[in-house]
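Below is one structure, written out as structure tokens; comments come after it.
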Amino acid sequence: MNFLVRTGQSIEADVLVYPIFMEDALDNLSQDLKTVFEGLKSKERFKAELGQVYLFSERLQGEIKDIIFVGLGKKEELSAEKIRIALANVLKKGKELGIESIAVQAISSDKLCFKRTVKAMVEGMALANYKFDKYKTDRKEGKLKEIYILNVVEEKVEKAEKAIKEAEALVEATLCARNLVNEPANVITPKELGKKAKAIGKEAGFEVEIFDEKEIEALGMKSFLEVAKGSDNAPRFIVMRYFGDEDNKNDILGLVGKGLTYDSGGYSIKPTDGMVTMKSDMGGAAAVIGAMKAIAETKLKANVVAVVAACENMISGKAYKPGDIISSMAGKTIEVLNTDAEGRLTLIDAVHYVIEKEKATKVIDVATLTGAVLIALGNTTTGVVTNNEEFYNDLQRASELSGEKFWQLPAFDEYKKLIKSDIADLKNIGGRHAGTITAGLFIGEFVQKKPWLHLDIAGTAWADSDKDYITKGGTGAPVRTLYYLVKEKNSCCNK
Ligand code: BES
Ligand code: MG
Ligand code: ZN
């Protein structure tokens, strides 16, 4: 991770941080600091609103210390997400000051168990501390080296350390996904994405197999290959396997990540403005690779196979064209009405593969699939299409732990009619309306009644600016939710 986190009692750190509720100061605030807080509150300088930070100096035990008060909002409304937001702001303030170490008072609340509280503190700070600056020749090393969580009572130290470890694994996995998305398409080609996955798997402890173009052809992935064939950079099919649950060998979760390392739109070409961020069209792939990393590193008791059909959507004499009729690994035929609706064509072969060849019993596909999801839900919420309410409820429970947001869209049969073709089995667009739903349902045609979640992350995988612990560029969504979904049906901790 980008800094070290540990528990401690020391006030040697450069700055001391006191998280504070709107109603009252924490119990462990000294009488002097309580007086400072009351004074600030009455002057309306610092009201402890969520994320509000206030910096001042104070003589503590004979030494002048920098102190940050950070607001947690109302005590009754505390959540892990609010802790992440508050601590992200602390981190930013600390960075502004150029400090090397921060010591934060542990937060105690009857709203949340202790482990979740500590995890959220670490996540908020570590995720906010990320910056993709490797291509800036004048970049400077971050100064921040250490974070202390203070005043953890003796009996809880072990719990805190466990929470820190889990948070670190989650942060590393999220930052890994951010890095993959932020790397430009001239660096992350399909071949390079395969190499990265292999290296990540080797380190984290999952198996990675990579199929080249000939092998993809032999598997019969006709739909995927149609999209890939317009590019000089050959496609790769990446398979990542983690078997951590011997007792339930036949329960296998299939994760499928959209892996367009670049999407120009093909002959249905995108305008330049829409094209500049299309290196992020492998955000789904990055998310499933990141999730596999966290799952394998923390050795979760689960069996997961993640697959990525990696390719570029380009223009050339060999590229597929609007009007083409193509086939697929499942044998269904598709009328291509728009070459920019390419993601679903790669995903259907990947979904079919993970069910047929890897024997997945449940499937989640994760894809930057439609601009329409941004219109419907904005950039805060991932759109979901599903055939299984129970599975969706599991996702919602996992999302409460991660703080990432999801919302289900309707999947009525009327929408399915919109993707039926007159001259082939399906067409790859359903018209102007309900674009996110028809895109999801297109993939749903290939899931063979397996419990399935389709996560459209076109709005959430990429951020145009920094916000709380989200940093500009790739966000790493929804790595942490996928992890919690896989983790023992979400029993987070024992209070
Ligand atoms: N990769 C895009 C979707 C996208 C848009 C991702 C904006 C991130 C931000 C996808 O391949 C695409 O082009 N979808 C089309 C579908 C349409 C042709 C039915 C779209 O959304 O315009
Ligand atoms: Mg497209
Ligand atoms: Zn795309």
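The values are calculated or read from the model by the stated rules, or taken from the named source; none is laboratory data. A quick note: this is a predicted structure, and the numbers were derived from the prediction, not measured. Neighbour counts run over all protein chains shown; Cβ positions are idealised from the backbone, glycine included.
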Report summary line: The one condition Ala160 fails out of (1) within 23 Å of the chain's Cα centre (by Cα); (2) surrounded by 15 or more Cβ atoms within 10 Å (Cβ to Cβ) is (1)
Requested in this report: For Tyr484, work out the one condition from (1) away from ligand 2 (no atom under 16 Å from the Cβ); (2) more than 19 Å from the chain's Cα centre (by Cα); (3) not acidic (Asp, Glu) it doesn't fulfil.
Outcome: (2)
Query raised in the report: Which condition number does Thr261 fail, the rest of (1) within 12 Å of ligand 1 (Cβ to nearest atom); (2) within 30 Å of Lys162 (Cβ to Cβ); (3) of a type in the set (S, T, N, Q) being met?
Result: (2)
Report summary line: Quick count over the stretch 231-275, residues being of a type in the set (S, T, N, Q), within 23 Å of Leu219 (Cα to Cα) and within 16 Å of ligand 2 (Cβ to nearest atom), is 2
Report task. Quickly run through the stretch 446-469 and pick out the residues that are among the hydroxyl-bearing types (Ser, Thr, Tyr) and either surrounded by 15 or more Cβ atoms within 10 Å (Cβ to Cβ) or away from ligand 1 (no atom under 16 Å from the Cβ) (or both). Result -> Thr460, Tyr469
Query raised in the report: Yes or no: Ala319 in the same structural domain as Trp452 (by TED's automatic domain parsing), touching a Lys or Arg at 6+ places or on another chain (Cβ under 7 Å) and of a type outside the set (Lys, Arg)?
Result: yes
Requested in this report: Starting from the stretch 124-142, keep only residues that are in contact (Cβ under 8 Å) with a residue 24 or more places away in the chain, then list their pairs with residues that are of a type in the set (Asp, Glu) and surrounded by fewer than 24 Cβ atoms within 10 Å (Cβ to Cβ) whose Cβ atoms are within a distance under 8 Å, requiring at least 6 positions of separation or different chains.
Outcome: Gly124/Asp468; Ala126/Glu168; Ala128/Asp468
Query raised in the report: Consider Gly51 against the criteria (1) free of Cβ contacts under 8 Å to residues at least 40 places away in the same chain; (2) on the phi > 0 side of the Ramachandran plot; (3) not aromatic (Phe, Trp, Tyr): it satisfies all of them except one. Which criterion is unmet?
Result: (1)
Requested in this report: Would you check if Leu347 is assigned by TED's automatic domain parsing to the domain that holds Pro451 and either over 20 Å from Leu253 (Cα atoms) or in contact with an Asp or Glu (Cβ under 7 Å, 6 or more places away or on another chain) (or both)?
Outcome: yes
Report summary line: The condition from (1) among the hydroxyl-bearing types (Ser, Thr, Tyr); (2) in contact with a Phe, Trp or Tyr (Cβ under 7 Å, 6 or more places away or on another chain); (3) closer than 26 Å to Ala477 by Cα that Tyr54 misses is numbered (3)
Report task. Counting only residues that are polar (S, T, N, Q) and away from ligand 1 (no atom under 14 Å from the Cβ), give me the strands (runs of 3 or more DSSP E) lying completely in the stretch 351-445 with at least 2 of them. Result -> 381-386
